[in-house]
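Nothing in this text is a laboratory measurement; each read-out follows from the coordinates by a stated rule. Every value quoted in this text rests on a predicted model; they were computed, and no experiment measured them. No Cβ is skipped: glycine too gets one built from the backbone with ideal geometry, and neighbour counts run over all protein chains shown.
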Amino acid sequence: MGIEKVGVVGCGLMGAGIAEVCARAGLETVVREVNDDFLSSGLERINRSLQKAVKKGKTSEEDRDATLGRITGTTDLGELNDCDLIVEAIVESLEEKCRLFAELDKSAKETTIFASNTSSLTITQIAMATERTGRFIGLHFFNPVPVMKLVEIVRTLMTDDEVIDDTRQFVEAIGKAPVLCRDNSGFIVNRLLVPYLLDAIRAYEEGVGTVEDIDRAMQLGCGHPMGPLTLLDFVGLDTTYYIANIMFEEYREKRFAPPPLLKQMVLAGRFGRKSGRGFYDYGS
């Protein structure tokens, strides 16, 4: 496999998880944040995750220390120049992602593969900010990254076959299961999941059932681990609203249009678990 050193841009929830799984798989990993405070917070997030794994008996203290030893934190984008693969996990903004990759394109080695962890933007849009569209791909991890097995590998019309092969090997090497997707907004999972979540909100709006009964019905009737409204609270209503708007802009189909209730809840600051209240109340 050609990927031995990985760069991760962004050490938030997703970036920290991606850096952790890469380092646990034995890969030298460089993670970059925009300032020391964000970097310190991200590295501490990785440390806590590994410590939790030790307590659960999923890894040893020696392996934890070895994993941390393979992670280098930096605020200097130039520290990623010699990486074989650079995965972007920053804010879900096309403008910010394009600006980042345009800068990386000037300094990273020619063979470096660029990958975006976007969940809703099309990879082609981002790739066009660079001169290496053939070496640009989507690698969509799922939250929480250390636990979730799936990674969507997203190819564009321009992606080289060699890049597909290398990234598939990389995904398998870090213990994940790859699926190959065409470059459409939402890829496979969100293209199917987002309309389902939005329909659950519409069902509640229309009085089909209570929040609790809609969730219980999908859990017991379809074997889902959690109901759609609980899942919305977990993902974040603001995040879902943002993704749905991007997908509706792309497809112009009603199934991707955010229901009025979702917009109202977001405007009211009811984002779900992270704000303390969404469809459920998480206050103490």
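Only one of the values (1) 18.7, 52; (2) 19.4, 64; (3) 19.5, 57 was calculated from this structure for Rg and Dmax of the Cα atoms in Å; name its label.
Given (1) 18.7, 52; (2) 19.4, 64; (3) 19.5, 57, the structure-derived one carries the label (3).
Can you give the FRET efficiency to the nearest 0.05 for VAL208 and ARG182, using r as the Cβ-Cβ distance and R₀ = 25 Å? Don't jump to the answer; show the numbers that get you there.
Numbers: r = 34 Å, r/R0 = 1.34.
E(calc), rounded to 0.05, equals 0.15.
With a 10 Å Cβ neighbour count serving as the proxy for reagent exposure, in which order, fewest first, do THR156, THR75 appear?
Numbers: THR156 19, THR75 13.
By the 10 Å Cβ count, ascending: THR75, THR156.
Rounded to the nearest 0.05, what FRET efficiency is calculated for ARG255 and GLU61 with R0 set to 45 Å and r the Cβ-Cβ distance?
On the way: r = 49 Å, r/R0 = 1.08.
So the FRET efficiency works out to roughly 0.40.
For a protection proxy built on the mean count of beta-carbon atoms within 10 angstrom, sort 167-177, 93-103 highest first, please.
Ranked from most to least packed, the peptides come out as 167-177, 93-103.
In what sequence, highest mean first, do 128-138, 219-229 appear when ranked by Cβ atoms within 10 angstrom?
Highest mean packing first, the order is 128-138, 219-229.
For LEU94 and GLN51, what is the calculated FRET efficiency with R₀ set at 30 Å and r taken between the beta-carbons, to the nearest 0.05?
The value I calculate is 0.25.
What's the ranking of 60-68, 9-17 by average number of surrounding C-beta atoms within 10 Å, highest first? Don't skip to the answer; put the middle values down first.
Working: 60-68: 13.9, 9-17: 22.9.
Going by the mean number of other Cβ atoms within 10 Å, highest first, we get 9-17, 60-68.
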